[in-house]
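The values are calculated or read from the model by the stated rules, or taken from the named source; none is laboratory data. The structure displayed is predicted, hence computed values, not measured ones. Here the Cβ is made from the backbone with ideal geometry for all residues, glycine too, and neighbour counts use every protein chain on show.
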Amino acid sequence: MQANLSAKDALARLREGNRRFASNVRSVDSLLSQTRRAELLLSQQPFATILGCSDSRAPAEILFDVGLGELFVIRVAGNVVAPSQVGSVEFAATRFGTNLVVVMGHTACGAINATIEAIEHGGEVESRGLLDIVDRVRPAIMSVVEVGNADLEALARRAVRANVRMAVDHLRHGSRIIERLSAGDGAGGLVVVGAEYDLETGLVDFFEGAESLG
């Protein structure tokens with residue numbers, strides 16, 4: 001476990017772990033991390049923050065082959081950004097010094113599909129809580145909807161990334177703390193990037209903002 005990695009080094013570590021996962025390989029450190037429970041009783045030092053979807057097929061610690069205490073993970077359906085998610089990112093950045101924040105969507109996302117259904121077919125949302133998620137995803141989907149679009153699968157793929165980009169932008173510009181800690185060139189400080197996990201291949205593609213980190 002290593003604290004205060006630069007955003008560039010943290011991203012490299014995530015990429016390396018994901019390559020192992022996609023190749024059906026586990027590191028010894030991640031497998032043995034449960035034996036370090038006692039070390040984590042009084043403190044934690046996660047090297048990155050992941051804001052991901054609650055989907056049971058997309059657990060960040062497994063996808064990036066890390067162990068206990070290594071990631072600060074925030075999970076919510078549709079990886080949407082609400083005040084509680086912003087506050088959680090702020091907490092990790094100020095309390096633990098994490099310099100990398102990854103907003104991670106994934107293919108075949110139920111929240112994305114439910115929002116498309118609500119837009120395309122006027123489907124009713126079952127509860128106020130679900131409506132809040134759909135309403136937060138809706139602007140991203142509307143930005144990629146094409147009039148008369150018949151390929152819902154292609155629309156869903158575009159919508160996943162649009163939703164991630166919207167969430168990244170929200171985090172970057174919706175918090176004075178995050179803005180203060182961020183470095184525009186990625187050379188130091190906090191960096192927020194977007195990613196998409198492919199359920200079929202097991203690979204995570206980093207795209208929005210990751211270019212500045214190489």
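ALA118 fulfils the conditions (1) surrounded by fewer than 17 Cβ atoms within 10 Å (Cβ to Cβ); (2) free of Cβ contacts under 8 Å to residues at least 24 places away in the same chain; (3) in contact with an Asp or Glu (Cβ under 9 Å, 6 or more places away or on another chain) except for a single criterion, (1). Of the residues VAL102, VAL25, the single one that is touching a residue at least 24 places away in the same chain (Cβ under 8 Å), within 21 Å of ASP198 (Cβ to Cβ) and loosely packed, with under 15 Cβ neighbours inside 10 Å is VAL25. Determine, yes or no, whether LEU213 is under 26 Å from GLY87 (Cβ atoms), in contact with a strand residue (DSSP E or B) (Cβ under 8 Å, 6 or more places away or on another chain), modelled with pLDDT under 95 and surrounded by 18 or more Cβ atoms within 10 Å (Cβ to Cβ). Yes; evaluated as a whole, the condition is true for this residue.
Among the residues of the range 88-109, is any in a strand (DSSP E or B), out of contact with any helix residue (DSSP H, G or I) (no Cβ under 6 Å at 6 or more places or on another chain) and under 14 Å from ALA10 (Cβ atoms)? Yes, there is a match, as at least one residue in the range 88-109 is in a strand (DSSP E or B), out of contact with any helix residue (DSSP H, G or I) (no Cβ under 6 Å at 6 or more places or on another chain) and under 14 Å from ALA10 (Cβ atoms).
Among the residues of the range 152-167, is any at pLDDT below 90, out of contact with any Asp or Glu (no Cβ under 8 Å at 6 or more places or on another chain) and over 29 Å from PHE21 (Cα atoms)? Within the range 152-167 (the criterion being at pLDDT below 90, out of contact with any Asp or Glu (no Cβ under 8 Å at 6 or more places or on another chain) and over 29 Å from PHE21 (Cα atoms)), the answer is no, since none of the residues qualifies. Output yes when any residue across the range 33-40 is of a type in the set (S, T, N, Q), within 15 Å of the chain's Cα centre (by Cα) and over 29 Å from ILE177 (Cβ atoms), and no when none is. For the range 33-40, residues of a type in the set (S, T, N, Q), within 15 Å of the chain's Cα centre (by Cα) and over 29 Å from ILE177 (Cβ atoms): absent. Could you tell me whether any residue of the range 138-150 is of a type in the set (Val, Ile, Thr), at pLDDT 95 or above and within 20 Å of the chain's Cα centre (by Cα)? The answer is no, given that none of the residues of the range 138-150 is of a type in the set (Val, Ile, Thr), at pLDDT 95 or above and within 20 Å of the chain's Cα centre (by Cα).
Considering only the range 24-55, state which residues are among the hydroxyl-bearing types (Ser, Thr, Tyr) and within 27 Å of ALA77 (Cα to Cα). Passing the criteria: SER30, THR49, SER54. Residues of the range 114-143 that are among the β-branched types (Val, Ile, Thr) and farther than 16 Å from ASN163 by Cα: VAL125 alone. Any residue at all in the range 77-87 that's touching a residue at least 24 places away in the same chain (Cβ under 8 Å), surrounded by 15 or more Cβ atoms within 10 Å (Cβ to Cβ), more than 15 Å from ALA167 (Cα to Cα) and under 12 Å from the mean Cα position of the chain (by Cα)? No: zero hits.
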